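Here is the structure we will look at, set down as structure tokens.
The values are calculated or read from the model by the stated rules, or taken from the named source; none is laboratory data. Bear in mind the structure is a predicted one, so any value in this text is a computation, not a measurement. With ideal geometry, Cβ positions are generated from the backbone for all residues, glycine too; neighbour counts draw on all protein chains shown. Note: accessible area is taken over every heavy atom of the protein model, side chains too, but ligands, DNA and RNA are not part of it. Shrake-Rupley method; radii C 1.70, N 1.55, O 1.52, S 1.80 Å.
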Amino acid sequence: MTTDQQPVEHDPLSEEADLLTIREAQARVTERIRDLRQELQTLRDGGAHPVELEAVRGRLDHLVKAAERLGVGRA
């Protein structure tokens, strides 16, 4: 059996580290969504140009989709 055909060993510690990484990603995405929503409201209140509003909305939409993939509750 060659090296690439050997079974992969399960490493529980590595799996635990991955969960922590996912939690951190969830927290960061959630925080960034909150910040972008606030930025969008501030821009609206300040009468920002529609192009600028659309750029922020686009970033927000991408982050909401990322949050959904990460399993974040209400993004």
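Look at the dipole of segment 33-75 built from charges on Cβ: of Leu53, Ala67, Gln38, the Cα furthest out on the positive end belongs to Ala67. Local charge for Ala55 was computed over the other residues whose Cβ lies under 14 Å away, with Lys and Arg +1 and Asp and Glu -1, and equals -1.
Per residue, segment 17-69 exposes 73 Å² of solvent-accessible protein surface, assessed with a 1.4 angstrom probe and all protein chains in place.
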